[in-house]
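One structure is given here, and the rest of the page talks about it.
The values are calculated or read from the model by the stated rules, or taken from the named source; none is laboratory data. In this text the structure is predicted, and so the values were computed from the model without any measurement. FYI the Cβ positions are ideal-geometry reconstructions off the backbone, even for glycines, and counts take in every protein chain you see.
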Amino acid sequence: MKNPFTIGIAKEEKFCDRKEEIRNLKNFIQNGQNVVIYSPRRFGKTSLVKMVLKELEKKDKNFIGIYADLFPVSSYQDFIEIFSKAIIQSIGKEVDKSFFQKIKNLFKNIVPSFTVKPDGSFSISISINPSTSLETLLSDLFTGLEKYVKKNDLKACIVLDEFQEITTLKESKKIEGLLRNFIQEQEDISYIFVGSRRKLLVDMFTDKKRPFYKSSFLYPLKKIEKSEFVKCIISSFKRTEKVCSKSTAEEIYDLVDGYPYYVQKLSSIIWDLTDKKVTEKIVENALKTLIKMESIDFESIWINLNKSEKIVLKMITIYPEISPFSKEFLEKSKLSIGGIQKAISSLIKKDLIEKEDNLYLLTDPVMKHWIRGIF
Ligand SMILES: Nc1ncnc2c1ncn2[C@@H]1O[C@H](COP(=O)(O)OP(=O)(O)OP(=O)(O)O)[C@@H](O)[C@H]1O
Ligand SMILES: [Mg+2]
């Protein structure tokens, strides 16, 4: 029997709940509204948007979903390449005559070429003349896309995953401005901007001086609800002929604060250790294994923090109920108010902590176990 849990994109029966989010996003798309989806890392953004596009494509023959992952961009040429590849890939799921007809003359300066693999799938490479300007390429891309959508009477949704990465490019200011102009003019195309580096992403849409200011609906993605995730955990074990009781499934969820990636990972380790029925001892051992597995990442984050950041992070973990600006925190940490403030804003920027009500919490629940374990 195969392990029913995954640390990759959740699909099909591995995809749990998100009914409300799916409904909301479908509405936005159908109304041609642009959305920004953000959350900490590994919360399920990519799984969710892919599921939404898939459902819309299944239901409506005139809908085209285009998904581009901008995580690897390091130049504007990369951006053009990834975006145009994503468009071409969505237009044709397989290479045949009609496909070539469809993409013939789609772009002027962006030239695709194909390699067909033995299994019928294909890979695309894009060539662009390196001396073509950014303006010309972007215009080529957006005009081509718009023409295609209009000519075929389609509705389209473009997902730009890890969209904040464009801010790391040399030409980012120019790209932001140009993109905003093109996007604003497209009526039949809605955009979903996705990202986990929340400050970078949200700043793009909330800073008055930036081109994307107030151009899109902000949609923070929450965790998956406990009762729904617990049902999924139980049924995944059942489907693979193992037993996990409701209380144990709840414990799995609670141990990692319902963080989707860790719920999957911890469940996966537990599944591997379980012969027939999940026991307390197995959960305990699995959690230890999980913390050990993640500790390499945590260590490298930790060594890159300065002394006050380390103190504040440790204090927030051990005394989550004490406000960092209280007298008690000041005394215990032996830092100045200014020092604490600086450390807090830096830890937020690094997505390591978040503010909830008037307190601060660690974003990563397993990091919390890890810090508690070393102090
Ligand atoms: N609806 C879901 N049901 C069950 N598990 C999910 C769901 N969505 C995501 N997950 C799990 O959460 C983890 C992260 O998923 P995903 O890659 O979609 O998140 P993300 O927010 O895009 O992550 P990143 O910030 O790394 O891009 C994976 O282990 C995935 O299996
Ligand atoms: Mg993702």
For this session: Please work out which residue is nearest to ligand 2 (Cβ to nearest atom), limiting yourself to segment 36-57 and to residues that are charged (D, E, K, R), within 14 Å of the chain's Cα centre (by Cα) and part of a helix (DSSP H, G or I).
Result: 45
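Let's see how each residue does on (1) in contact (Cβ under 8 Å) with a residue 24 or more places away in the chain; (2) under 29 Å from residue 256 (Cα atoms); (3) in contact with a Pro (Cβ under 7 Å, 6 or more places away or on another chain):
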{"position": "156", "(1), (2), (3)": "yes, no, no"}
{"position": "164", "(1), (2), (3)": "yes, yes, no"}
{"position": "167", "(1), (2), (3)": "yes, no, no"}
{"position": "196", "(1), (2), (3)": "yes, yes, yes"}
{"position": "210", "(1), (2), (3)": "yes, no, no"}
{"position": "221", "(1), (2), (3)": "yes, yes, no"}
{"position": "237", "(1), (2), (3)": "yes, yes, no"}
{"position": "243", "(1), (2), (3)": "yes, yes, no"}
Exercise. Can you pull out the strands (runs of 3 or more DSSP E) entirely within segment 142-227 that have at least 3 residues that are at pLDDT 90 or above and within 13 Å of ligand 1 (Cβ to nearest atom)?
Worked result: 155-161, 189-195
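Would you point out which residue out of 170, 155, 147 is under 20 Å from residue 61 (Cα atoms), more than 16 Å from ligand 2 (Cβ to nearest atom) and out of contact with any strand residue (DSSP E or B) (no Cβ under 8 Å at 6 or more places or on another chain)?
Criteria check complete, one pass: 147.
Out of 283, 312, which single residue is surrounded by 18 or more Cβ atoms within 10 Å (Cβ to Cβ) and not assigned by TED's automatic domain parsing to the domain that holds residue 351?
283
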Exercise. When residues of segment 1-29 are filtered for being farther than 15 Å from residue 265 by Cβ, in a helix (DSSP H, G or I) and either within 15 Å of ligand 2 (Cβ to nearest atom) or in contact (Cβ under 8 Å) with a residue 60 or more places away in the chain (or both), how many remain?
Worked result: 6
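Among the residues of segment 124-139, is any assigned to a strand (DSSP E or B), closer than 25 Å to residue 51 by Cα and modelled with pLDDT under 90?
Yes, segment 124-139 contains a residue that is assigned to a strand (DSSP E or B), closer than 25 Å to residue 51 by Cα and modelled with pLDDT under 90.
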